[in-house]
Amino acid sequence: MEERKLLHSFLANSQEGLPPRRMKDSYIEVLLPLGTEPALREKYLTVQNTVRFGRILEDLDSLGVLICYMHTKIPSAEMSPLSIVTALVDKIDLCKNCLSPEQDIKFSGHVSWVGKTSMEVKMQMFQSHGNEFSPVLDATFVMVARDSENKGPAFVNPLIPEGPEEEELFRQGELNKGRRVAFSSTSLLKMAPSAKERTAIHEMFLSTLDPKTISFRSRILPPNAVWMEDSKLKSLEVCHPQERNIFNRIFGGFLMRKAYELGWATACNFGGSRPFVVAVDDIMFQKPVEVGSLLFLSSQVCFTQDKYIQVRVHSEVASLQNKEHTTTNVFHFTFMSENDVPLVFPRTYGESMLYLDGQRHFNSMSVPVTLEKEYLVEP
Ligand SMILES: CCCCCCCCCCCCCC(=O)SCCNC(=O)CCNC(=O)[C@H](O)C(C)(C)COP(=O)(O)OP(=O)(O)OC[C@H]1O[C@@H](n2cnc3c(N)ncnc32)[C@H](O)[C@@H]1OP(=O)(O)O
């Protein structure tokens, strides 16, 4: 960190002072040679002989940061003065494809939109089948540039789209920013649910009242349903230095992998079969996690429909001094089970909000996915 202090002089005072970049300046392709380097497979292998999705999340996070470093590269500087951190995993949509641990995987990506200090990155992943690579997933991340010591914001190079395709991507990036602002301003933490949502929650509530008593307090579960609180799983991570990133904080990919694996276990426990992940959305990195922290992860099913299970994982760190807990991340994962799963019922008002939030995330899934036998992505 002492060395990084010296890099401050390379930081720009305004965005206009930085040379504009094109999308192709940050474009990169990376090969994960699972097919040709068997020694690498162990790290990626599940017991079902598929690829661990948690490992893919780690790779996407590192790649996203690398892409941003390409976009902001200063040819005359040996080291970048920027600290680039993951602010948001906007979306990861998986296509219906089998991930084999015995075939090479290719990642590609580039910066698709920039603000003043933030960059949207689009990445794709492919797996080789014979002579060609077929698409596996699309991911959109938002990275934020901070100064050399990660203490304040830092400007990033402007982006000039070239041609109609790039202009469309850039416009989409702008729309994404607007959509995120709108989504956050109608958050249930700030606003009451809509009339339709309120009615749905009240109907669920009524369906749990015991018809034998005239009371709002005697609640019974309808058939094929589970109380939301009974779907919870929790875990604890001690954040050792091994998991730190280049800025001496805990690596975002590690946090995602841990949250994903707990989320998967929650869906597995709930649905009674090994579920497949179909979408990841709106993972917000609100606060950095310091090395040495105790990281508490808490996961629960918050919405289900047919074979789908929407899981929310909340992570917080505890201050060792005053035992205060601070939220660092909230993760949303959509899984698909082999068979139809039970309904999940909220018991309290807070749980009802979690249910509606889960439903909103589920409905924002862009690709309607259908269950396919060969579609196997596991933790
Ligand atoms: C050299 C080559 C090296 C290669 C190495 C490769 C491998 C490397 C591997 C290492 C991998 C290491 C990677 C890791 O492990 S990073 C570790 C995981 N991530 C973190 O720890 C980040 C934790 N969060 C924070 O520190 C803050 O919340 C941040 C800094 C993110 C924002 O803080 P704050 O809220 O105070 O910021 P602001 O209000 O001033 O806004 C600043 C800008 O940010 C935009 N914004 C903010 N939030 C969001 C959001 N949710 N969605 C979209 N955008 C968002 C905002 O619009 C604004 O944009 P703009 O209007 O300025 O454009």
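Considering only beta bridges that DSSP places wholly inside the chain, some 95 percent are antiparallel.
Placing a pseudo-label 7 Å from each Cα along the Cα-to-Cβ vector at His325 and Ile246 gives an inter-label distance of 3.5 nm. The angle between the Cα long axis of helix 252-271 and the main principal axis of the chain comes to about 20°, on a 0 to 90 degree scale. List the aspartates and glutamates whose alpha-carbon lies under 18 Å from that of Lys196, not counting same-chain residues fewer than 8 positions away? Straight-distance partners of Lys196: Glu351, Asp357. If you take the Cα centroid of region 1-53 and the Cα centroid of region 122-151, the two points sit 9 Å apart. Each of Ile250, Ile56, Ile160 has some number of other Cβ atoms within 10 Å of its Cβ, and from fewest to most they run Ile160, Ile250, Ile56.
Taking amide H as placed 1.01 Å from N in the peptide plane, the amide H of Ile28 sits under 5 Å from that of Gly109, each at least 5 places away or on another chain. Once the Cα atoms are used to define both axes, helix 349-363 deviates from the longest principal axis of the chain by about 60 degrees.
Within the chain, the percentage of alpha carbon pairs spaced more than 36 angstrom apart rounds to 27%.
Partners of Lys258 within straight-line reach, counting lysines whose Cα lies under 27 Å from its Cα and excluding those fewer than 8 residues away in the same chain: Lys43, Lys91, Lys96, Lys106, Lys122, Lys151, Lys232, Lys234, Lys287, Lys307, Lys323, Lys373. Seen against the Cα atoms of the chain and their longest principal axis, helix 195-206 is set at about 40 degrees.
Reported to the nearest whole Å, the Cα centre-to-centre distance from region 168-232 to region 233-310 is 22. Note on Ser207/Lys234: beta-carbon distance plugged into 1/(1 + (r/R0)^6) with R0 of 25 Å gives a FRET efficiency of 0.30.
Taking amide H as placed 1.01 Å from N in the peptide plane, the amide H of Leu99 sits under 5 Å from that of Val51, Leu376, each at least 5 places away or on another chain.
Every number in this text was worked out from the coordinates using simple rules, so none of it is lab data. All values reported here derive from a predicted model rather than from experimental measurement. Every residue, glycine as well, gets a Cβ built from its backbone with ideal geometry; the counts of neighbours run over all protein chains shown.
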